[in-house]
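Novice: Here it is: the structure, laid out below.
Nothing in this text is a laboratory measurement; each read-out follows from the coordinates by a stated rule. Computed from a predicted model, the values in this text were never measured in an experiment. Backbone-built Cβ (ideal geometry, glycine too); neighbour counts: all protein chains shown.
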Amino acid sequence: MADSELGLYLIAYDIANPRRLGKVHRILKKQGLPVQYSVFTAVLKRPSLLRLLERIEQQIGAVEDDVRCYRLPAQTDTVSLGKQLFPDDVMLFTGGVNRILGN
């Protein structure tokens, strides 16, 4: 992936300390959309992603906490089970911009 190319990322975390948890949550809320309690999606260029991960790394406890970032393919099949955060007619991403749009 080129540095200028937008990518869709799934970022999940398990933070042991409530204070660190709040800090990581606030950092991610500025860059992406929460899809579950500790799971966010974000559309970012590679340099922005690396800066985001650096900021998160500065806040976590390397021995106690776990943060994972996965690049998702542009076209992916998904299956959702159970209660969903967003109704079926809500699209989370359009044109590489994080926003919620109703159809």
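Novice: Fewest first, what order do S48, S4 take by the number of other Cβ atoms within 10 Å?
Specialist: On the way: S48 15, S4 8.
Starting with the residue having the fewest Cβ neighbours, the order is S4, S48.
Novice: Can you list which of the GluC sites (Glu not before Pro) found in the range 1-82 are DSSP loop residues with at most 16 other C-beta atoms within 10 Å? Intermediate results must be reported in sequence, preceding the final value.
Specialist: On the way: sites: E5, E54, E57, E64; in loops: E5, E64.
In loop regions of the range 1-82 (DSSP not H, G, I, E or B), the sparsely surrounded GluC sites (Glu not before Pro) are E5, E64.
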